[in-house]
Amino acid sequence: MADNAKPWTASMPDTQFQLMHDILAAPSPIGLEAAMTEGVLKPYFEGFAPEGWAVRNFKGHAGVVLDTHPGRDDLFTVMVIGHADKIRMQVRSIGEDGKVWINSDSFLPTTLLGHEVSIFSEDPEAPGEYRRLDGGTVEALGAIHFADPKLRAGEKGVRKEQLYVELQIHGKDKKKQIEALGIRPGDSILMNRPIRRGFGPDTFYGAYLDNGLGCFVSAESARLVAESGGAQNIRMLFAAATYEEIGRFGSRVLVGEMRPDAIIGVDVNHDYVAAPGIGDRRMAPVEMGKGFTMSVGAIVSEQLNRRIEQVARDNDIPMQRDVVGADTGTDGMAGVLGNVDCAATSVGMPIRNMHTISESACTRDVLACTYAVAETLKAMDAEEKQTGVLAEAFRSQHPRLDQARSLGHQGAGDAED
């Protein structure tokens, strides 16, 4: 990459930001992800894919994969995975007073109160057809005047069983008014907050950065590879998986079906520096605005990490190491969970307020992650062209700690100055 071409140091162009907006705004609750995968990502893939590349979809779920070399199982294969499914609330029951009682899924109940939502209801008279109902808000307590003293003082919280959607229904037979709309238990509910640019330089905020951002990085890294004429010597799979929020099931299926040699999972990460109330936990100093993150620990391949880190160094792409312990918590685990032998790691972007309606991030971090992934893929493509033994290198070059060099004290240097 040319020294003067460092997009991660500049503001994201409006056209690219609009693509990110459209990906994140697509209504894709768990089990109903096609609005993002087939409505936004598939047409985008097809718009830039060179001749011979192909988009694959699946029978049991709405995941999609852009494949640079369909059928070439003999090539070293790298899969980049983001997940398209969004945390969704669901209708639990309908009250006589017109309240639509809901579950909170993976949201903290208190973060939902007062926020606008959309209900997606399957037409009872036409199974498979869906309607969208806007204008509702999530409530639990009503007016402060009716709350007990402990709630008013903040000494007591909101239970998930208290949550309902307020549709402003009034008059007679309120429950029947709701039922006449065809709203039923199990209908999906999403927060209605598309992203917009933030107050801080090169920031943005809104709902569902987790994990449309991973799908954005997958798609944009594919475009960068295509525009550079890459993917000549290895097979690349750019994936938008499903079911991550309920156990990373969709990516397991993709990996089981396509059996890549390496996986780069892409997901949001936490800004631990800004996270309130965790100072005494001594978390890794991962911070929004300081570059993409790379997982260290769990099942990650140090060989794959080494290649990513080298690319970041060579191109001056800012990178932060994140300690993940026993589990990356992302689709980077898909290979080991799916019983497929592959090198894997996880990269991402630090965000604030994860699993809320006001998730926040920095566009420079998103671009850093995108270019780090694209440049790593191109470097691996070049490595295969030069050596022809990339697969064997991953098999035979596992780090040997018994061969580690002895390290002594290096001196205080300028520490006393």
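The values are calculated or read from the model by the stated rules, or taken from the named source; none is laboratory data. The structure presented is a predicted model; accordingly, all values stated were derived computationally and were not measured. Ideal geometry is used to build each Cβ from the backbone, glycine not excepted, and the neighbour counts take in all protein chains shown.
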Every residue in region 54-78 that is farther than 18 Å from residue 44 by Cα, among the hydrophobic types (A, V, I, L, M, F, W, C) and not in a loop (DSSP other than H, G, I, E, B), please. 78
Restricting region 320-336 to residues that are touching a residue at least 60 places away in the same chain (Cβ under 8 Å) and not acidic (Asp, Glu), the residue that is surrounded by the fewest Cβ atoms within 10 Å (Cβ to Cβ): 329
Please verify whether residue 231 is assigned by TED's automatic domain parsing to the domain that holds residue 46, in contact (Cβ under 8 Å) with a residue 60 or more places away in the chain, of a type in the set (A, V, I, L, M, F, W, C) and assigned to a loop (DSSP other than H, G, I, E, B), treating the condition exactly as stated. yes
I'd like to check something: does region 15-38 contain any residue that is under 23 Å from residue 246 (Cβ atoms), surrounded by fewer than 19 Cβ atoms within 10 Å (Cβ to Cβ) and among the charged types (D, E, K, R)? no
Within region 232-247, count every residue that is buried (at least 24 other Cβ atoms within 10 Å of the Cβ) and farther than 15 Å from residue 56 by Cα. 2
Test result for residue 140, crowded, with 19+ Cβ neighbours inside 10 Å and closer than 14 Å to residue 166 by Cα: yes
Quick test for you: out of 204, 199, 216, pick the one residue that is part of a helix (DSSP H, G or I) and either farther than 23 Å from residue 5 by Cβ or out of contact with any Ser or Thr (no Cβ under 6 Å at 6 or more places or on another chain) (or both). 216
I'd like to know if region 88-109 contains one or more residues that are more than 23 Å from residue 191 (Cβ to Cβ), free of Cβ contacts under 8 Å to residues at least 60 places away in the same chain and among the acidic types (Asp, Glu). no
On the basis of being at pLDDT below 95, within 20 Å of the chain's Cα centre (by Cα) and either outside the structural domain of residue 222 (by TED's automatic domain parsing) or part of a loop (DSSP other than H, G, I, E, B) (or both), does residue 408 make the cut? no
Log entry, pairs with first residue in region 24-42 being assigned by TED's automatic domain parsing to the domain that holds residue 357 and in contact (Cβ under 8 Å) with a residue 24 or more places away in the chain, second being surrounded by fewer than 20 Cβ atoms within 10 Å (Cβ to Cβ) and assigned to a loop (DSSP other than H, G, I, E, B), beta carbons closer than 6 Å, six or more apart or on different chains, reads 25/194
With respect to residue 282, determine if the residue is surrounded by fewer than 22 Cβ atoms within 10 Å (Cβ to Cβ), without any contact (Cβ under 8 Å) to a residue 24 or more places away in the chain and outside the structural domain of residue 114 (by TED's automatic domain parsing). yes
Name the single residue, out of those in region 179-196 being outside any strand (DSSP E or B) and in contact with a Gly (Cβ under 7 Å, 6 or more places away or on another chain), that is surrounded by the fewest Cβ atoms within 10 Å (Cβ to Cβ). 194
Working only within region 122-163, note down all residues that are among the small types (Gly, Ala, Ser), within 32 Å of the chain's Cα centre (by Cα), closer than 20 Å to residue 100 by Cβ and in a loop (DSSP other than H, G, I, E, B). 140
Any chance you could count how many residues in region 82-97 are surrounded by fewer than 23 Cβ atoms within 10 Å (Cβ to Cβ) and of a type in the set (Asp, Glu)? 2
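A quick yes/no check of all residues on (1) more than 20 Å from residue 255 (Cβ to Cβ); (2) touching a strand residue (DSSP E or B) at 6+ places or on another chain (Cβ under 6 Å); (3) among the polar types (S, T, N, Q); (4) not assigned by TED's automatic domain parsing to the domain that holds residue 257:
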{"residue": "300", "(1), (2), (3), (4)": "no, yes, no, no"}
{"residue": "309", "(1), (2), (3), (4)": "yes, no, no, no"}
{"residue": "314", "(1), (2), (3), (4)": "yes, no, no, no"}
{"residue": "318", "(1), (2), (3), (4)": "yes, no, no, no"}
{"residue": "321", "(1), (2), (3), (4)": "yes, yes, no, no"}
{"residue": "329", "(1), (2), (3), (4)": "no, no, no, no"}
{"residue": "343", "(1), (2), (3), (4)": "no, yes, no, no"}
Going residue by residue through region 207-227, is there one that turns out to be touching a Phe, Trp or Tyr at 6+ places or on another chain (Cβ under 8 Å), outside the structural domain of residue 28 (by TED's automatic domain parsing) and at pLDDT 95 or above? no
